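Presented below is the structure to which this report refers.
All of the numbers you see were taken from the coordinates with simple rules; none came from a lab. Since the structure is predicted, the reported quantities are computational estimates derived from the model, not experimental observations. So basically every Cβ, Gly included, is an ideal-geometry build from the backbone, and we count neighbours across all protein chains shown.
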Amino acid sequence: MIDVMNDCSHDWLYKCDKSHRQGVMEHLSLNKPSPCDKAHMSKPEFPIQAVQQNVKRLMDEHGDKPKPLAQAIGLGETAIRDLLKDDAKGTTGRLLHALAQHYNVSVDQILGIEGLTENIHPLGPRLFIKGEVAAGRWVEAFESPESEWETFTGRPDVNAKEIHRFGLRVSGDSMNEIYPAGTILECVSLFGTAEAIPGKRVIIVRRRESDLCYEATVKELVSIDGVLWARPRSTNPAHQAFRLDQPGDGICEVCITAVVVAATILE
């Protein structure tokens, strides 16, 4: 991604090397005025129409209005209104960066550098990998300490609050036909909008009666004769399906906690 605050390659960042400037070559950023106002200065047109088009598209997609949006990104309440005016000529790098951060897109996408008609593909929110799923591994807590959480980018099209979204890393081979070890699963808690129905891959937490330790695992939810089963997808025959209403000897509690909505498989 190009940093418009410092980059000198774009043709709307101009320079002056005329004699009255003593041969000085100075690149100018979007948020600084030119030290030269001589008529010979060539000021290529800033792609304001592309910026306005892309900002309007993002605002429409998110249902934003100019004044609340300006306030949300920490700028004056007329900043967005001024940007979208028909006679607007340009903007500042600060505004572009604030908008890019707010909408989780790149500055390049707002500028339309790769073509004014290209669709903007927004990035998803920053989420946290909060633990691992591993069949047969019993631990005192299935969620890692917050200091150990790692971040990843979630899907942009998931209709759930971020507080209900998280990631888990696959360990072991109980689902290796689909999710090899190291795969990052993006999950939505059942407290959010997720619905655990047959055909979905879900996170199942079981609690062992002897020591009250937990096992967190990912399984495929299937219905057989009206009964819900948790089915592994593994090349290892040691992993067997189990009925949710009969989770196994010594298991005092079993529950579905989340639904998998995406998986990132590392190369």
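Here are the numbers for the structure shown:
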| read-out | value |
| --- | --- |
| Mean Cα-pair separation over length for segment 126-264, i.e. relative contact order, pairs under 8 Å, 6 or more apart, % | 27 percent |
| Restraint check, LYS67/LYS200; LYS89/LYS161; LYS65/LYS161; LYS56/LYS200, Cα-Cα greater than 30 Å | LYS67/LYS200; LYS89/LYS161; LYS56/LYS200 |
| Alpha-carbon centroid distance for the pair segment 149-172 / segment 182-203, whole angstrom | 10 Å |
| Rounded FRET efficiency, nearest 0.05, which uses the C-beta distance separating LEU228 from ALA72 and R0 of 45 Å | 0.55 |
| Segment 67-80 - phi-based ³J(HN,Hα) in whole Hz, Karplus 6.51/-1.76/1.60, Gly and Pro as x | 5, x, 5, 4, 5, 5, 9, x, 10, x, 5, 9, 4, 6 |
| Neighbour-count ranking [beta-carbon atoms within 10 angstrom, fewest first] of ASP225, ASP173 | ASP225, ASP173 |
| Coil-residue GluC sites (Glu not before Pro) of segment 194-244, DSSP, other Cβ within 10 Å capped at 14 | GLU195, GLU209 |
| FRET efficiency, ALA88 to ARG126 (Cβ-Cβ, R0 41 Å, nearest 0.05) | 0.85 |
| Packing-based exposure ordering (other Cβ within 10 Å, fewest first) of ARG231, ARG165, ARG243 | ARG243, ARG231, ARG165 |
| Other-chain or far-sequence residues with amide H under 5 Å of VAL133's (modelled H) | ARG169, VAL170, SER171 |
| Burial ordering of SER174, SER106, fewest other beta-carbon atoms within 10 Å first | SER106, SER174 |
| R0 of 51 Å, Cβ-Cβ distance SER106-ILE197: FRET efficiency to nearest 0.05 | 0.90 |
